[in-house]
Amino acid sequence: MALPFPDVPFLSGFEEPCRFEGKVFDLVVNGFLPRSIDGTFFRVMPDPLLSPAYFQDGTHYIPFDGDGNVSAFRIRDGHVDFQQAYVQTERLKKEKSKRASMWGRYRNPFTAHPCVRAAIESTANTNVVFFNGKLLALKENGLPYAMNPDTLETLGYYDFEGQITSKTFTAHPKFDPKTGEMVCWGYEAKANATTDCCYFAFGKDGKKTEECWFKSPFCGFIHDAAMTDDYLILMLCPLVTDLERLKEKQTHWVYDYNLPVHFGVIPRRGSDPSKVRWFKWKNGFPTHTANATQVKGSNGGTKLIMDSVLVYGNALPFFPEVNVPENLKPENLKISMVRWEIDMLASSSIPTIKDPKILFDEVSEFPSIDDRFVSRAQKYIFCGVTIPDAVTPDGKSLVGLGALNALAKVDCQTGKAEICHVGPDTIVQEPVFAPRSKDAVEGDGFVICLVNRLDKMASDLIVVDTRSFADGPMAVVNLPFRLRQGLHGNWVDASDMA
Ligand code: V55
Ligand code: FE
């Protein structure tokens with residue numbers, strides 16, 4: 001008998017597990033979808049399939065738990081077909097055989113039931129990327145699961161035909177539009193709570209071209225990075241772990257308000273660990289990058305410029321915190337889109353970098369750009385934004401990271417943004433950009449975004465023309481049900497998938 005899911009906020013209301021796999025043919029389109037949009041929007045959400053038998057109180061659940069359930073919206077000739085399938089991870093197969101979830105706290109194998117403790121822990125629930133003919137479902141504590149992009153059939157746990165020895169693989173690999181390379185890293189790459197990191201890259205044919213092992217200054221969260229022509233810039237956040245806290249059955253991470261954020265600069269070519277450099281800044285949590293580029297500085301050296309979202313404190317309040325400043329109110333945490341500068345001629349062993357410049361000063365998350373401009377100075381960033389005056393039916397303001405209620409098109413040169421309102425009682429998920437054509441100018445195309453209609457308890461896919469961004473969506477595509485909050489996804493043009 002399947003027990004009810006625990007009555008906790010992360011599993012209730014709009015966030016109740018969806019658990020649906022299957023297809024919906026020809027979704028209803030309100031408005032207009034131009035024929036130039038031809039491709040698939042893939043995204044993934046953490047979506048617990050089995051209710052927990054082991055920790056029935058559910059208090060250990062956080063929004064990053066849950067089996068990866070991949071959605072595909074295939075857009076062609078003005079029509080949208082929908083498909084969804086779970087990644088058949090080793091972990092999900094064990095859950096299905098037991099007809100219950102047997103896992104404990106987030107990324108802590110010491111809390112899992114003995115029957116499942118040895119299983120590959122990845123839930124494949126954080127991002128889906130297309131590379132070399134395969135769809136890769138990613139979770140940063142394991143290797144990818146490969147899927148067939150046409151059928152969403154899981155092909156298996158994927159070590160790139162034995163080419164990688166890292167035990168982990170980022171959920172945010174970078175794709176070089178000039179060379180077709182996929183640039184990746186893993187942290188805690190030999191075992192949980194180690195400082196071992198691995199940088200690796202693949203040519204567009206899937207052959208490994210680089211592998212470089214190095215250590216980070218402490219064992220912390222390295223969720224996202226940005227890439228220039230010659231460097232990968234890792235963001236090591238002050239969200240830390242150690243073996244003791246895992247053995248004490250705590251959740252993996254704790255945020256330390258006394259620890260600076262660190263940036264690791266890895267040369268993309270040459271695989272020389274002695275060339276890896278670290279830089280630091282005050283305490284803060286840069287969550288996601290938009291892009292980076294490298295220029296020649298006035299001192300004659302290389303200057304790296306990187307744009308990211310910056311939260312001035314713990315961005316993930318479901319993880320515990322230490323050394324919290326006395327006057328800190330979580331609801332007042334400031335969030336900005338910022339531009340960092342890293343001077344490669346700076347000489348001390350871990351130089352402190354200067355305060356970043358603010359690009360856009362509203363609460364924002366999920367920055368995305370025109371991916372044809374990765375590692376070049378982009379003009380536009382598309383992101384979710386919180387417009388503070390929007391209210392829920394019972395008059396509550398929608399504020400905070402979990403409640404992005406509109407989309408923004410940020411002009412990085414002027415700091416001005418166009419806002420696309422998406423309707424009342426709506427939370428936007430991560431927007432992705434699809435260019436109008438292969439040779440369109442930067443940012444000319446469409447923003448595609450799944451939105452949560454809290455009033456209807458259903459989801460819509462919206463499509464916004466970036467030429468008339470502030471006019472609102474040109475098409476609203478109705479799903480006949482609700483998809484919970486997802487993390488990341490990508491647009492894949494049909495010509496790239498063929
Ligand atoms: C993120 C999400 C995760 C995770 C680590 O996007 C970071 C942030 C869905 O799980 O495990
Ligand atoms: Fe992410």
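The calculated FRET efficiency for the pair LYS249 and LYS23, based on their C-beta separation and a Förster distance of 51 Å, comes to about 0.80. Entry for the chain at q = 0.11 Å⁻¹: log10 I(q)/I(0) = -0.92, Debye formula applied to identical alpha-carbon scatterers, no solvent contribution. Placing +1 on each Lys and Arg Cβ and -1 on each Asp and Glu Cβ, with no other charges, gives the stretch 1-147 a dipole about its Cα centre of roughly 460 debye.
Peptides 21-29, 259-267, 44-52 ranked from most to least packed, by the mean per-residue count of other Cβ atoms within 10 Å: 44-52, 259-267, 21-29. Quote the FRET efficiency, to the nearest 0.05, computed for THR195 versus LYS282 with a Förster distance R0 of 25 Å and r equal to the Cβ-Cβ distance. With R0 = 25 Å, the Cβ-Cβ based efficiency is 0.70. In the calculated pair-distance distribution of the stretch 407-466, the portion above 19 angstrom amounts to 37 percent of the Cα-Cα pairs. Kirkwood radius, the stretch 142-282, all distinct C-alpha pairs, inverse of mean reciprocal distance: 16.0 Å. State the extension gain, in nm to one decimal, for the chain segment bounded by ALA458 and ASP205, taking 0.36 nm per residue of separation less the distance between their alpha-carbons. Extra length from ALA458 to ASP205 when fully extended: 87.1 nm.
Dipole size of the chain about its Cα centre, with +1 on Lys/Arg Cβ and -1 on Asp/Glu Cβ: approximately 880 debye, rounded to the nearest 20. Of the peptides 244-250, 183-189, 163-169, the order by per-residue mean of other Cβ atoms within 10 Å, starting with the highest, comes out as 183-189, 163-169, 244-250. Semi-axes of the equivalent ellipsoid of the stretch 162-210 are 22, 11, 7 Å, computed as sqrt(5λ) over the eigenvalues of the C-alpha gyration tensor in descending order.
Rounded, prolate or oblate: pick one for the stretch 197-258, where a ≥ b ≥ c are the square roots of the eigenvalues of its C-alpha gyration tensor, a/c under 1.5 means rounded, and failing that, prolate if a/b is larger than b/c, else oblate.
prolate
Counting beta carbons within 10 Å around each of TRP340, TRP278 and listing the fewest first gives the order TRP278, TRP340. When the Cα positions of GLY22, TRP103, THR40 are compared along the charge dipole of the stretch 18-106, TRP103 comes out farthest toward the positive end, with charges on each C-beta of Lys, Arg, Asp and Glu. Put the Cα centre of the stretch 4-75 next to the Cα centre of the stretch 329-366 and the gap is 32 Å.
Between ILE305, VAL261, GLY284, whose Cα lies farthest towards the positive end of the dipole of the stretch 261-334 when Lys and Arg beta carbons carry +1 and Asp and Glu beta carbons carry -1, centred on the Cα centre? Highest projection toward the positive end goes to ILE305.
If you take every residue apart from VAL309 with its C-beta less than 10 Å away from the C-beta of VAL309, what net charge results, scoring Lys and Arg +1 and Asp and Glu -1?
With Lys, Arg at +1 and Asp, Glu at -1, the net is -3.
Laboratory data are not the source of any read-out in this text; all were calculated from the coordinates shown. Please read all numbers here as calculations on a predicted model, not as lab measurements. Reconstructed Cβ throughout: ideal geometry from the backbone, glycine too, with neighbour counts over all protein chains shown.
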